[in-house]
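The values are calculated or read from the model by the stated rules, or taken from the named source; none is laboratory data. What you are looking at is a predicted structure, and each value in this text was computed from that prediction instead of being measured. Here the Cβ is made from the backbone with ideal geometry for all residues, glycine too, and neighbour counts use every protein chain on show.
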Ligand SMILES: O=C(O)CCC(=O)C(=O)O
Ligand SMILES: [Fe+2]
(Lines give C-alpha, C1' and ligand atoms only; values in the text may rest on other atoms or scores of the structure.)
(Ligands and ions follow the chains in the order given, each with its own letter.)
Protein backbone atom coordinates (compact mmCIF):
# COMPACT_ATOMS: atom_id res chain seq x y z
CA UNK A 1 0.00 0.00 0.00
CA UNK A 2 1.28 3.47 -0.79
CA UNK A 3 2.32 5.72 2.03
CA UNK A 4 1.57 9.33 1.29
CA UNK A 5 2.64 11.99 -1.15
CA UNK A 6 5.95 13.74 -1.42
CA UNK A 7 6.62 16.69 0.84
CA UNK A 8 5.66 19.46 -1.51
CA UNK A 9 2.67 20.28 -3.67
CA UNK A 10 2.74 22.43 -6.77
CA UNK A 11 0.99 25.79 -6.30
CA UNK A 12 0.85 27.99 -9.40
CA UNK A 13 4.17 26.64 -10.46
CA UNK A 14 5.77 27.26 -7.10
CA UNK A 15 6.48 24.81 -4.30
CA UNK A 16 4.68 25.58 -1.12
CA UNK A 17 5.49 23.60 1.97
CA UNK A 18 3.18 20.70 2.57
CA UNK A 19 2.67 21.78 6.17
CA UNK A 20 1.05 25.09 5.20
CA UNK A 21 -1.06 23.38 2.53
CA UNK A 22 -2.34 20.91 5.13
CA UNK A 23 -3.41 23.75 7.41
CA UNK A 24 -5.89 24.80 4.71
CA UNK A 25 -7.87 21.61 5.19
CA UNK A 26 -8.91 18.44 3.43
CA UNK A 27 -11.38 20.02 1.05
CA UNK A 28 -8.59 22.24 -0.23
CA UNK A 29 -6.28 19.25 -0.71
CA UNK A 30 -8.98 17.41 -2.63
CA UNK A 31 -9.58 20.44 -4.83
CA UNK A 32 -5.86 20.32 -5.62
CA UNK A 33 -6.50 16.82 -6.96
CA UNK A 34 -4.46 14.68 -4.61
CA UNK A 35 -4.70 10.97 -5.32
CA UNK A 36 -2.95 9.69 -2.21
CA UNK A 37 -3.35 10.44 1.45
CA UNK A 38 -0.52 12.70 2.65
CA UNK A 39 1.68 11.20 5.38
CA UNK A 40 0.28 13.55 8.01
CA UNK A 41 -3.12 11.79 7.72
CA UNK A 42 -1.83 8.24 7.96
CA UNK A 43 -2.79 6.76 11.31
CA UNK A 44 -0.65 4.15 13.10
CA UNK A 45 -1.70 0.65 12.04
CA UNK A 46 -3.58 -0.28 15.26
CA UNK A 47 -5.77 2.84 14.94
CA UNK A 48 -6.77 2.35 11.32
CA UNK A 49 -10.36 1.47 10.38
CA UNK A 50 -9.79 -2.20 9.62
CA UNK A 51 -7.02 -2.95 12.04
CA UNK A 52 -7.28 -6.46 13.41
CA UNK A 53 -5.77 -5.36 16.66
CA UNK A 54 -7.24 -5.65 20.16
CA UNK A 55 -10.63 -4.47 21.18
CA UNK A 56 -11.26 -1.83 18.54
CA UNK A 57 -11.15 -4.21 15.61
CA UNK A 58 -13.99 -6.27 14.20
CA UNK A 59 -17.19 -4.45 13.44
CA UNK A 60 -20.50 -5.91 14.52
CA UNK A 61 -22.94 -5.61 11.63
CA UNK A 62 -25.87 -7.12 13.48
CA UNK A 63 -26.14 -4.68 16.32
CA UNK A 64 -28.57 -1.79 15.91
CA UNK A 65 -28.95 1.34 18.00
CA UNK A 66 -32.15 1.68 20.01
CA UNK A 67 -34.85 3.79 18.40
CA UNK A 68 -36.66 6.35 20.56
CA UNK A 69 -39.94 7.77 19.32
CA UNK A 70 -40.12 11.43 20.29
CA UNK A 71 -43.88 11.56 19.68
CA UNK A 72 -44.38 8.77 22.23
CA UNK A 73 -42.38 10.73 24.80
CA UNK A 74 -44.92 13.54 24.42
CA UNK A 75 -47.94 11.23 24.32
CA UNK A 76 -50.22 9.40 26.73
CA UNK A 77 -47.82 6.48 27.06
CA UNK A 78 -44.94 8.61 28.26
CA UNK A 79 -43.91 6.27 31.09
CA UNK A 80 -43.29 3.43 28.65
CA UNK A 81 -41.27 5.72 26.39
CA UNK A 82 -39.29 6.98 29.41
CA UNK A 83 -38.45 3.39 30.20
CA UNK A 84 -37.11 2.79 26.68
CA UNK A 85 -35.10 5.99 26.98
CA UNK A 86 -33.64 4.83 30.29
CA UNK A 87 -32.56 1.50 28.78
CA UNK A 88 -31.02 3.24 25.77
CA UNK A 89 -29.05 5.68 27.97
CA UNK A 90 -27.87 2.97 30.36
CA UNK A 91 -26.87 0.46 27.74
CA UNK A 92 -25.59 2.60 24.86
CA UNK A 93 -25.74 6.30 25.68
CA UNK A 94 -26.67 6.57 21.97
CA UNK A 95 -30.00 6.28 20.18
CA UNK A 96 -31.78 7.16 16.96
CA UNK A 97 -34.60 9.64 17.46
CA UNK A 98 -37.62 9.36 15.16
CA UNK A 99 -40.74 11.55 14.89
CA UNK A 100 -38.64 14.43 16.18
CA UNK A 101 -40.93 17.04 14.67
CA UNK A 102 -38.26 19.28 13.15
CA UNK A 103 -39.83 20.47 9.87
CA UNK A 104 -38.40 18.89 6.72
CA UNK A 105 -37.51 22.26 5.20
CA UNK A 106 -35.43 23.18 8.28
CA UNK A 107 -33.45 19.95 7.88
CA UNK A 108 -33.06 20.37 4.12
CA UNK A 109 -31.93 23.99 4.48
CA UNK A 110 -29.26 23.24 7.06
CA UNK A 111 -27.88 20.43 4.87
CA UNK A 112 -27.97 22.69 1.79
CA UNK A 113 -26.18 25.64 3.39
CA UNK A 114 -23.64 23.31 5.00
CA UNK A 115 -22.79 21.75 1.66
CA UNK A 116 -22.87 25.23 0.08
CA UNK A 117 -20.40 26.61 2.62
CA UNK A 118 -17.83 23.91 1.87
CA UNK A 119 -18.30 24.48 -1.87
CA UNK A 120 -17.23 28.13 -1.51
CA UNK A 121 -13.78 29.08 -2.77
CA UNK A 122 -11.12 28.51 -0.13
CA UNK A 123 -10.49 32.29 0.16
CA UNK A 124 -14.09 32.81 1.25
CA UNK A 125 -14.11 29.92 3.73
CA UNK A 126 -10.74 30.92 5.14
CA UNK A 127 -12.13 34.26 6.38
CA UNK A 128 -13.57 32.25 9.26
CA UNK A 129 -10.42 30.34 10.11
CA UNK A 130 -9.37 30.55 13.73
CA UNK A 131 -7.36 28.31 15.98
CA UNK A 132 -8.68 29.99 19.14
CA UNK A 133 -10.81 27.32 20.87
CA UNK A 134 -12.99 30.06 22.39
CA UNK A 135 -13.74 31.92 19.18
CA UNK A 136 -17.53 31.98 18.50
CA UNK A 137 -16.99 31.20 14.80
CA UNK A 138 -14.33 28.75 13.79
CA UNK A 139 -13.53 27.16 10.45
CA UNK A 140 -10.73 24.64 10.57
CA UNK A 141 -9.51 21.16 9.88
CA UNK A 142 -8.72 17.93 11.78
CA UNK A 143 -9.51 18.08 15.54
CA UNK A 144 -6.99 20.59 16.76
CA UNK A 145 -4.76 21.50 13.84
CA UNK A 146 -2.21 23.30 16.05
CA UNK A 147 -1.48 20.25 18.04
CA UNK A 148 -2.53 17.04 16.27
CA UNK A 149 0.41 14.78 15.41
CA UNK A 150 -1.75 12.94 12.91
CA UNK A 151 -4.52 14.83 11.12
CA UNK A 152 -8.03 13.55 10.62
CA UNK A 153 -9.83 13.74 7.32
CA UNK A 154 -12.40 16.37 8.18
CA UNK A 155 -12.94 20.10 7.91
CA UNK A 156 -15.39 21.86 10.19
CA UNK A 157 -17.33 25.03 10.82
CA UNK A 158 -18.17 25.66 14.48
CA UNK A 159 -20.79 28.25 15.33
CA UNK A 160 -21.50 29.25 18.87
CA UNK A 161 -25.20 30.07 19.46
CA UNK A 162 -25.13 32.44 22.37
CA UNK A 163 -25.68 35.19 23.04
CA UNK A 164 -27.49 35.08 19.70
CA UNK A 165 -27.59 38.82 19.16
CA UNK A 166 -23.79 38.98 19.51
CA UNK A 167 -22.84 35.91 17.50
CA UNK A 168 -25.32 35.94 14.63
CA UNK A 169 -23.64 38.86 12.80
CA UNK A 170 -20.36 36.93 13.05
CA UNK A 171 -21.66 33.79 11.35
CA UNK A 172 -20.68 33.44 7.66
CA UNK A 173 -22.65 35.70 5.34
CA UNK A 174 -22.47 33.25 2.49
CA UNK A 175 -24.17 31.16 1.32
CA UNK A 176 -26.77 33.91 1.71
CA UNK A 177 -29.27 31.83 3.63
CA UNK A 178 -26.73 30.26 6.00
CA UNK A 179 -27.57 32.48 8.98
CA UNK A 180 -31.31 31.90 8.73
CA UNK A 181 -30.88 28.14 8.23
CA UNK A 182 -28.55 27.78 11.21
CA UNK A 183 -30.80 29.97 13.33
CA UNK A 184 -33.87 27.84 12.54
CA UNK A 185 -32.02 24.60 13.03
CA UNK A 186 -30.41 25.72 16.31
CA UNK A 187 -33.78 26.79 17.75
CA UNK A 188 -35.36 23.48 16.82
CA UNK A 189 -32.51 21.43 18.26
CA UNK A 190 -32.46 23.51 21.44
CA UNK A 191 -36.14 22.75 21.93
CA UNK A 192 -35.52 19.04 21.34
CA UNK A 193 -32.62 19.13 23.76
CA UNK A 194 -34.81 20.69 26.46
CA UNK A 195 -37.57 18.13 25.96
CA UNK A 196 -35.09 15.26 25.96
CA UNK A 197 -33.32 16.59 29.03
CA UNK A 198 -36.58 16.71 30.96
CA UNK A 199 -37.29 13.16 29.90
CA UNK A 200 -33.78 12.02 30.78
CA UNK A 201 -33.99 13.62 34.24
CA UNK A 202 -37.34 11.93 34.73
CA UNK A 203 -35.79 8.61 33.69
CA UNK A 204 -33.11 9.13 36.36
CA UNK A 205 -35.85 9.55 38.98
CA UNK A 206 -35.25 13.33 39.16
CA UNK A 207 -38.55 14.57 37.77
CA UNK A 208 -38.90 16.89 40.76
CA UNK A 209 -36.06 19.15 39.73
CA UNK A 210 -37.72 19.91 36.39
CA UNK A 211 -40.91 21.27 37.97
CA UNK A 212 -41.28 25.03 37.69
CA UNK A 213 -42.19 25.53 41.32
CA UNK A 214 -39.01 23.79 42.54
CA UNK A 215 -36.77 25.08 39.84
CA UNK A 216 -33.31 25.18 41.35
CA UNK A 217 -29.84 25.88 40.04
CA UNK A 218 -29.34 22.29 38.94
CA UNK A 219 -32.04 22.40 36.28
CA UNK A 220 -31.59 26.07 35.40
CA UNK A 221 -28.03 25.31 34.36
CA UNK A 222 -29.27 22.58 32.03
CA UNK A 223 -31.62 25.09 30.42
CA UNK A 224 -29.25 28.04 30.25
CA UNK A 225 -26.23 26.14 29.03
CA UNK A 226 -24.31 26.65 25.84
CA UNK A 227 -25.10 25.41 22.36
CA UNK A 228 -22.54 24.92 19.61
CA UNK A 229 -23.40 23.91 16.06
CA UNK A 230 -20.59 21.93 14.42
CA UNK A 231 -20.79 21.27 10.70
CA UNK A 232 -18.46 18.41 9.78
CA UNK A 233 -17.35 17.89 6.19
CA UNK A 234 -15.58 14.62 5.31
CA UNK A 235 -14.54 14.77 1.64
CA UNK A 236 -14.25 11.52 -0.34
CA UNK A 237 -10.86 10.04 0.46
CA UNK A 238 -8.57 8.27 -2.03
CA UNK A 239 -7.25 5.88 0.64
CA UNK A 240 -9.91 5.60 3.37
CA UNK A 241 -8.28 2.59 5.05
CA UNK A 242 -5.28 4.68 6.13
CA UNK A 243 -7.06 7.50 7.92
CA UNK A 244 -10.03 8.53 10.09
CA UNK A 245 -12.66 11.25 9.78
CA UNK A 246 -12.61 11.63 13.54
CA UNK A 247 -10.57 9.51 15.96
CA UNK A 248 -12.24 7.70 18.90
CA UNK A 249 -13.62 10.27 21.35
CA UNK A 250 -16.56 10.96 23.63
CA UNK A 251 -18.45 14.26 23.47
CA UNK A 252 -17.62 16.77 26.15
CA UNK A 253 -21.05 18.25 26.93
CA UNK A 254 -24.43 17.08 28.19
CA UNK A 255 -26.15 15.92 25.03
CA UNK A 256 -25.36 15.89 21.30
CA UNK A 257 -28.07 15.93 18.64
CA UNK A 258 -26.56 14.80 15.34
CA UNK A 259 -27.91 15.03 11.84
CA UNK A 260 -26.03 12.81 9.40
CA UNK A 261 -26.63 12.75 5.67
CA UNK A 262 -27.23 9.47 3.81
CA UNK A 263 -23.54 8.48 3.73
CA UNK A 264 -22.51 6.17 6.56
CA UNK A 265 -19.36 6.78 8.58
CA UNK A 266 -20.23 7.09 12.27
CA UNK A 267 -19.33 4.12 14.48
CA UNK A 268 -19.76 3.57 18.21
CA UNK A 269 -17.54 1.37 20.33
CA UNK A 270 -19.79 -1.14 21.98
CA UNK A 271 -18.58 -4.13 23.98
CA UNK A 272 -15.17 -3.91 22.37
CA UNK A 273 -16.43 -3.75 18.80
CA UNK A 274 -17.12 -0.97 16.35
CA UNK A 275 -20.76 -0.71 15.36
CA UNK A 276 -21.87 1.41 12.40
CA UNK A 277 -24.71 3.85 13.07
CA UNK A 278 -26.76 3.35 9.93
CA UNK A 279 -28.26 6.56 8.54
CA UNK A 280 -32.00 6.22 9.08
CA UNK A 281 -34.18 8.52 6.93
CA UNK A 282 -35.80 11.40 8.86
CA UNK A 283 -34.05 10.54 12.11
CA UNK A 284 -31.48 12.20 14.34
CA UNK A 285 -28.78 10.52 16.39
CA UNK A 286 -28.68 11.55 20.04
CA UNK A 287 -25.86 10.78 22.43
CA UNK A 288 -25.05 11.34 26.07
CA UNK A 289 -21.94 13.46 26.66
CA UNK A 290 -19.37 13.46 29.46
CA UNK A 291 -21.30 16.03 31.56
CA UNK A 292 -24.33 13.79 31.71
CA UNK A 293 -22.30 10.70 32.53
CA UNK A 294 -20.76 12.65 35.41
CA UNK A 295 -24.10 14.18 36.49
CA UNK A 296 -25.72 10.72 36.50
CA UNK A 297 -22.76 9.44 38.54
CA UNK A 298 -22.01 6.93 35.79
CA UNK A 299 -25.54 5.54 35.40
CA UNK A 300 -25.71 6.84 31.84
CA UNK A 301 -22.82 6.37 29.43
CA UNK A 302 -20.88 8.80 27.28
CA UNK A 303 -19.82 6.31 24.64
CA UNK A 304 -16.66 6.40 22.53
CA UNK A 305 -17.34 6.92 18.83
CA UNK A 306 -15.34 7.62 15.67
CA UNK A 307 -15.92 8.48 12.02
CA UNK A 308 -14.67 6.59 8.95
CA UNK A 309 -14.37 8.18 5.53
CA UNK A 310 -15.63 7.03 2.18
CA UNK A 311 -13.66 6.32 -1.04
CA UNK A 312 -16.19 7.95 -3.38
CA UNK A 313 -18.68 10.00 -1.40
CA UNK A 314 -18.29 13.18 0.57
CA UNK A 315 -20.19 13.17 3.89
CA UNK A 316 -21.73 16.00 5.90
CA UNK A 317 -22.91 15.81 9.50
CA UNK A 318 -24.22 18.55 11.76
CA UNK A 319 -23.79 18.20 15.50
CA UNK A 320 -25.68 20.38 17.95
CA UNK A 321 -23.68 20.19 21.17
CA UNK A 322 -25.42 21.18 24.39
CA UNK A 323 -23.34 21.81 27.49
CA UNK A 324 -23.62 23.39 30.89
CA UNK A 325 -22.67 27.10 30.97
CA UNK A 326 -18.92 27.64 30.54
CA UNK A 327 -18.29 28.57 34.15
CA UNK A 328 -20.42 25.88 35.76
CA UNK A 329 -19.04 23.12 37.89
CA UNK A 330 -20.05 19.67 36.65
CA UNK A 331 -20.61 17.15 39.41
CA UNK A 332 -22.66 14.03 40.18
CA UNK A 333 -26.15 14.96 41.33
CA UNK A 334 -26.25 14.62 45.13
CA UNK A 335 -29.60 12.88 44.68
CA UNK A 336 -27.93 10.03 42.83
CA UNK A 337 -25.24 9.38 45.43
CA UNK A 338 -25.77 7.11 48.41
CA UNK A 339 -24.03 4.38 50.37
CA UNK A 340 -24.66 1.79 47.68
CA UNK A 341 -23.73 4.15 44.91
CA UNK A 342 -20.82 6.32 46.09
CA UNK A 343 -19.62 9.33 44.17
CA UNK A 344 -17.58 8.22 41.17
CA UNK A 345 -16.34 11.50 39.60
CA UNK A 346 -14.56 14.59 40.85
CA UNK A 347 -15.88 18.11 40.18
CA UNK A 348 -14.87 19.59 36.85
CA UNK A 349 -15.41 22.61 34.59
CA UNK A 350 -14.69 23.90 31.10
CA UNK A 351 -11.36 25.47 32.07
CA UNK A 352 -10.07 22.10 33.33
CA UNK A 353 -11.22 20.53 30.07
CA UNK A 354 -9.19 23.04 28.05
CA UNK A 355 -6.16 22.56 30.30
CA UNK A 356 -6.45 18.82 30.02
CA UNK A 357 -6.87 18.89 26.24
CA UNK A 358 -3.56 20.66 25.83
CA UNK A 359 -1.72 18.48 28.36
CA UNK A 360 0.42 15.50 27.44
CA UNK A 361 -1.75 13.22 29.62
CA UNK A 362 -4.61 13.72 27.14
CA UNK A 363 -2.78 11.49 24.65
CA UNK A 364 -2.99 8.52 27.01
CA UNK A 365 -6.36 8.95 28.68
CA UNK A 366 -9.66 10.59 27.81
CA UNK A 367 -10.85 13.62 29.77
CA UNK A 368 -13.71 11.61 31.23
CA UNK A 369 -11.32 8.90 32.46
CA UNK A 370 -9.20 11.60 34.09
CA UNK A 371 -12.23 12.75 36.13
CA UNK A 372 -12.97 9.32 37.62
CA UNK A 373 -12.36 8.81 41.33
CA UNK A 374 -10.48 5.61 42.36
O1 LIG B 1 -19.87 12.99 11.88
C2 LIG B 1 -20.37 12.26 12.72
O3 LIG B 1 -21.15 11.37 12.43
C4 LIG B 1 -20.03 12.42 14.18
C5 LIG B 1 -19.41 13.73 14.55
C6 LIG B 1 -18.93 13.77 15.97
O7 LIG B 1 -18.72 12.77 16.60
C8 LIG B 1 -18.71 15.06 16.62
O9 LIG B 1 -18.85 16.12 15.96
O10 LIG B 1 -18.38 15.06 17.83
FE1 LIG C 1 -18.58 13.19 18.70
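What the table below lists for this structure:
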read-out	value
Number of positions in the stretch 237-261 that are in contact with a strand residue (DSSP E or B) (Cβ under 9 Å, 6 or more places away or on another chain) and not in a strand (DSSP E or B)	8
Failed item in (1) modelled with pLDDT of 95 or more; (2) in a loop (DSSP other than H, G, I, E, B), with residue 199 passing the rest	(2)
Hey, residue 302 within 25 Å of residue 48 (Cβ to Cβ), touching a helix residue (DSSP H, G or I) at 6+ places or on another chain (Cβ under 7 Å) and at pLDDT 95 or above or not	yes
Total residues in the stretch 237-261, condition under 24 Å from residue 284 (Cβ atoms) and more than 12 Å from ligand 2 (Cβ to nearest atom)	4
Only listed residue being modelled with pLDDT under 90 and surrounded by fewer than 20 Cβ atoms within 10 Å (Cβ to Cβ), chosen from 148, 166, 184, 177	148
Residue match in the stretch 345-368 (condition: in a loop (DSSP other than H, G, I, E, B) and over 29 Å from residue 135 (Cα atoms))	no
Which numbered condition residue 218 misses (of (1) more than 16 Å from ligand 1 (Cβ to nearest atom); (2) exposed (fewer than 15 other Cβ atoms within 10 Å of the Cβ); (3) farther than 17 Å from residue 113 by Cα)	(2)
First in the stretch 243-258 and touching a residue at least 12 places away in the same chain (Cβ under 8 Å) and within 10 Å of residue 322 (Cβ to Cβ), second anywhere and outside any loop (DSSP other than H, G, I, E, B) and within 10 Å of ligand 2 (Cβ to nearest atom), Cβ under 7 Å, 6 or more apart	251/287; 251/321; 253/321; 256/287; 256/319; 256/321
Test: residue in the stretch 187-195 that is under 24 Å from residue 111 (Cβ atoms), buried (at least 21 other Cβ atoms within 10 Å of the Cβ) and more than 18 Å from the chain's Cα centre (by Cα)	no
Residue match in the stretch 222-236 (condition: part of a loop (DSSP other than H, G, I, E, B), near ligand 1 (Cβ under 10 Å from one of its atoms), closer than 28 Å to residue 353 by Cα and in contact (Cβ under 8 Å) with a residue 24 or more places away in the chain)	no
Checklist (1) over 15 Å from residue 244 (Cβ atoms); (2) surrounded by 15 or more Cβ atoms within 10 Å (Cβ to Cβ); (3) touching a strand residue (DSSP E or B) at 6+ places or on another chain (Cβ under 7 Å); (4) at pLDDT 95 or above applied to residue 25, failing item	(4)
Which listed residue, of 263, 285, is more than 12 Å from the chain's Cα centre (by Cα), within 12 Å of ligand 1 (Cβ to nearest atom) and farther than 21 Å from residue 151 by Cα	263
Among (1) more than 16 Å from ligand 2 (Cβ to nearest atom); (2) more than 29 Å from residue 101 (Cα to Cα); (3) at pLDDT 95 or above; (4) in contact with a helix residue (DSSP H, G or I) (Cβ under 9 Å, 6 or more places away or on another chain) - the single one residue 309 does not satisfy	(1)
Candidate set from the stretch 124-168 (those that are in a loop (DSSP other than H, G, I, E, B) and in contact with a helix residue (DSSP H, G or I) (Cβ under 6 Å, 6 or more places away or on another chain)); member that is farthest from ligand 2 (Cβ to nearest atom)	136
Members of the stretch 290-306 that are buried (at least 24 other Cβ atoms within 10 Å of the Cβ) and within 17 Å of residue 230 (Cα to Cα)	305
